[in-house]
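Some notes on the structure that comes next.
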Amino acid sequence: MIHIDEIRIRLLRMPLVRFFETSFGRTTERRVLLVEVVQDGISGWGEVTAGEHPFFNEEWTLSAYEIVREYVAPKLLNRKLENAAEVGKLSAGIRGHNMARAGVECAVWDLEARLRNEPLFKRIGGGARAAIPCGVSIGIQDTVDDLLERIETELSAGYQRIKLKIKPGWDIDVLRAVRQRFPEIQLTADANSAYTLKDLEHLKRIDEFGLNYVEQPLSHDDIIDHATLQRSLATPICLDECIRAPRHAEQAIELGAARVINIKLGRVGGFANAIRIHDIAQAAGVPVWCGGMLEAGIGRAHNIAMASLPNFVLPGDVSASKRYWARDIIQPEVTVDARGNIALPQGVGFGFEVDQDRLREVTYVQETVEA
Ligand code: OSB
Ligand code: MG
């Protein structure tokens, strides 16, 4: 039985060691909202994965702060829950804002695992693999030479696949240069919705580069257009932004809009939905992988637990802490071995310790939510 005594929310400011640029903009510093749920002196932790601006989806760090403080967290106080899988229902009346809802939901899953003294990956039905295969997502660079150098570095670190961010003006020529230099690597491209069906002929040129898939080329909310595009494209389409609920996964698969799915805990509202989407894709023979949102250690650790579910068969975007942070907020930090795998941590909860000193350093707002 879960009965949460206290909920603490924190805003962190964490500079990235290197800027990260997508078709919707460049990030140099993250603002991260953390959720800590406490029962009988035991803390469960969640990280809200909203970005700093409402550009990936409608959420941003401070919208999530308000949603968690005003609408989600208070619902958990003064009540008993059978298990973490029930948390989603408490905030089901909120339209959108899945990342805010997920931050709380994931914290309760972590708490539940800790109360039972077991690893989070066991609680969610994971543990199918002890080594999580990792790729990297490489942002838009200032020059193609910079990009080639970055790819070289990541490959020598062991990463198993390279994902490039693309947008109009940074696509075909860039992919050609990368393929010329690295003919054999597992390569993908993510457009973050930078194109429309007007670009159909242009997008067909992607087929010459033998990508494993192209991620979310079209509108963030348009599954039907992706189905249309897939009929003209040999390269499989992977959906990210479009899949915000299990129903979207069903529809996208049914319509032929997604041959691969990127699952992000935040985007889909937490573990319960992520597991449902995982199961739907698995039953349909559609492989999934774990996406990233430039997470700090707690979100990263939740991703690692999720990626141990059986159908996470493709290398994900979850990589080593040091690619993002001079010092992460967990200990040990997340590391990747020379073959590009993360070892699934076996400890209780999400399997790492919160680095309280580091957390204090980067926290600029802290508040306890009242019922
Ligand atoms: O679309 O996958 C994406 C980062 C921010 C917003 C959206 C995306 C990304 C990434 C980075 O690709 C993945 C990571 O390194 O965390
Ligand atoms: Mg993406």
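For this structure, a couple of remarks:
- Considering only 162, 130, 319, the residue lying farthest towards the positive end of the dipole of the range 123-343 is 130, judged by Cα position with unit charges set on Cβ.
- Debye-sum result for the chain in log10 I(q)/I(0), which assumes one identical scatterer on each alpha carbon, at q = 0.08, 0.11, 0.12 Å⁻¹: -0.36, -0.70, -0.84
- Diffusion coefficient of the range 249-344 by Stokes-Einstein, Kirkwood radius over Cα pairs, 4 °C, 1.567 mPa s: 93 µm²/s.
- Exposure check, 1.4 Å probe, all protein chains in place: residue 363 carries approximately 40 Å² of accessible surface.
- With a Förster radius of 41 Å applied to the beta-carbon distance between residue 143 and residue 66, the computed FRET efficiency rounds to 0.55.
- Result for the chain in a Gaussian network model with C-alpha springs under 10 Å: among 329, 304, 263, the largest mean-square fluctuation is at 329.
- 222 nm mean residue ellipticity, helices alone, for the chain (DSSP H n ≥ 4; -39,500 (n - 2.57); rounded to 500): -9000 deg cm²/dmol
- Lys, Arg +1 and Asp, Glu -1 on Cβ, resulting dipole of the chain about Cα centre, debye, nearest 20: 420 debye
- Residue 142 accessible area, 1.4 Å probe, all protein chains in place, Å² to nearest 10: 100 Å²
- Our summary gives the chain a relative contact order of 23 percent, counting only alpha carbon pairs under 8 angstrom and 6 or more residues apart.
- Each residue of the range 50-61 is assigned a 3J(HN,Hα), and the resulting list reads 4, x, 7, 9, x, 10, 6, 9, 6, 8, 8, 3 Hz, derived from the Karplus form 6.51 cos²θ - 1.76 cosθ + 1.60 (θ = phi - 60°), x at Gly and Pro.
- The range 71-119 and the range 300-315 have Cα centres spaced 20 Å apart.
- Backbone amide hydrogens, once placed in the peptide plane, bring residue 313 within less than 5 Å of 288, excluding anything fewer than 5 places away on its chain.
- Amide hydrogen proximity for residue 6: with H placed 1.01 Å from N in the peptide plane, the residues at 5 or more positions away or on another chain lying under 5 Å are 38.
- Label-point gap, in nm, between residue 283 and residue 89 - each point 7 angstrom along Cα→Cβ: 2.0 nm
- The slack in the chain from residue 326 to residue 356, taken as 0.36 nm per residue of separation less the alpha-carbon distance, amounts to 9.2 nm.
- C-alpha long axis of helix 246-255 to longest principal axis of the chain, angle in °: 20 degrees
- Electrostatic dipole magnitude of the range 123-343 [Cβ: Lys, Arg +1; Asp, Glu -1; Cα centre; debye, to 20]: 540 debye
- Sum of side-chain charges, residue 14 neighbourhood, beta-carbon under 15 Å (Lys, Arg +1; Asp, Glu -1): +2
- Residue-wise HN-Hα coupling along the range 105-110, computed from phi with Karplus coefficients 6.51, -1.76, 1.60 (Hz; x: Gly, Pro): 4, 5, 4, 6, 4, 4
- Vicinal HN-Hα couplings computed from phi for the range 269-281 (Karplus, 6.51 cos²θ - 1.76 cosθ + 1.60; Hz; Gly/Pro x): x, x, 5, 4, 5, 4, 5, 4, 5, 3, 5, 4, 5
The values are calculated or read from the model by the stated rules, or taken from the named source; none is laboratory data. This one's a predicted model, so the numbers in the text were calculated from it and none came from an experiment. Cβ coordinates were reconstructed from backbone atoms using ideal geometry, including for glycine residues, and neighbour counts include every protein chain displayed. The protein model used for the area step is the full one, side chains on, heavy atoms only, and it has no ligands, DNA or RNA in it. Shrake-Rupley method; radii C 1.70, N 1.55, O 1.52, S 1.80 Å.
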